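Nothing in this text is a laboratory measurement; each read-out follows from the coordinates by a stated rule. Everything numeric here is computed off the predicted structure, so don't read it as measured data. Note: ideal-geometry Cβ built from the backbone for every residue, glycine included; neighbour counts use all protein chains shown.
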């Protein structure tokens, strides 16, 4: 421990989870060494540049620069710490299993540490990974290294606050003393610490994300029924959420979930169950509903515009959620691809996402007004706050046809229609006057 009685910490992986975790531990007074394998990333971090957008993270790194070290050397990082946090990516494979190659690279690169060191798994991994890691450590003659599962529950766009003010902290360990050393890191936080065996700790993370996605897909199914029967899903969700047994969280209808965690973790849990001899049919439905939901926007556009070939559609928001630049598994990618396939001219604007290599064929604009000007429709894909005022006279005049498809139910339908727009939300009744535009043939008949 250092002079303040704080454990020195090493972080393997300078991605979103690793960088937030390292910065927050530094804020709590720990000396933190962050290691990554990408030289450009480490160089940028050494110069004070944050390689991605996350609110408050840049300020946190700057404020704690004297306690943070960035390195490419695995031995340097592990040798400086007694707690080694694994924060590497575990993306899905084609089969749906989690790709643990980066985890195994960390294990392979650990030096021959003499003292008692604890390997702490922050990365989301399948149940049973801890046992496999322990066996691999024993094979390498590192049986004196402890293992603790300490999954992260951070939401992009609010990760720093999530770390500093968690709902709970999960600590799963093979040896109780190892779990104690990790649990004490969070003593200053007012949050329950859930102590568990390693397998249960691994399952908690997967089960939590699976349940959240189930709620989202459920309310989206309710939204689709609401459209058919004339109900408003916003009012329905509010009424349902007031039930103390259910609560209001994750009952917002929209165009589906995305991001680096939900899809990966749900697929991993479904695959884990299948590999263990159980067919998780509920999760299969959750995934299918989400994929179909992303495509419903195209149907809404066709309802108003007819064939989309030659139409101009503006996508407002590209990142999978606001307050992040993360495009991983973003619904905008599917939506843009479908619109291009229908022959539409697609423009897009996002205040943070960098997407040039992901959206080939899409015209990227520097402002929302630029994207909307001359468009036949605007689709709210990500609920950035700046889009709340999009139903303005300036925007209406700039559009070729004032149609807004609100994929996040960000706007008030009556106010938007009152401002002169055709409006389509998710799970909300359409305007009784909304109809397909008149065709040239109809125009000719009316002129006679």
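Largest first, the three principal axis extents of the alpha carbons in the chain are 94, 48, 38 Å in whole numbers. A helix-only calculation puts the chain at -12500 deg cm²/dmol for mean residue ellipticity at 222 nm, using -39500 (n - 2.57) for each DSSP H run of at least four residues, averaged over all residues.
All alpha carbon pair distances within the stretch 281-346 were sorted into 5 Å bins beginning at 0; the resulting P(r) in whole percents reads 3, 16, 23, 21, 17, 12, 5, 1, 0.
Taking the longest Cα principal axis of the chain as reference, the axis of helix 281-305 is set at about 30 degrees.
Simple spin-label estimate for residue 139 and residue 285 gives 4.1 nm between the two label positions (7 Å along the Cα-to-Cβ direction from each Cα). Between 149, 311, 366, the GNM of the chain built on Cα springs shorter than 10 angstrom shows 366 fluctuating the most. Sorting 278, 186, 349 by the number of Cβ atoms found within 10 Å of their own Cβ, with the fewest placed first, yields 278, 186, 349. DSSP finds beta bridges in the stretch 63-156, and of those with both partners inside it, around 10 percent are antiparallel. With R₀ fixed at 51 Å, the C-beta to C-beta distance from residue 168 to residue 358 puts the FRET efficiency at about 0.90.
Once the Cα-Cα distance is subtracted from the 0.36 nm per residue extended length, the residue 341 to residue 75 segment shows a gain of 90.8 nm.
Among beta bridges from DSSP that stay inside the chain, the antiparallel ones total about 5%.
Full extension of the segment from residue 63 to residue 187, taken as 0.36 nm per residue of separation minus the current Cα-Cα distance, would add 42.5 nm.
Just how many % of Cα pairs in the stretch 9-196 lie over 23 Å apart, if you round to the nearest whole percent? Tail of P(r) above 23 Å: 39 percent of Cα pairs.
Over the stretch 197-448, the hull volume per residue, using the convex hull of the C-alpha atoms, is 155 Å³. Each of residue 415 and residue 207 was given a label point 7 Å from its Cα along the Cα-to-Cβ line. The distance between the two points is 4.1 nm.
Segment residue 249..residue 386, full-extension length gain: 47.0 nm, with 0.36 nm per residue of separation and the alpha-carbon distance subtracted.
The Cα atoms of the stretch 134-249 cover 66, 33, 26 Å along the three principal axes, with the biggest extent listed first.
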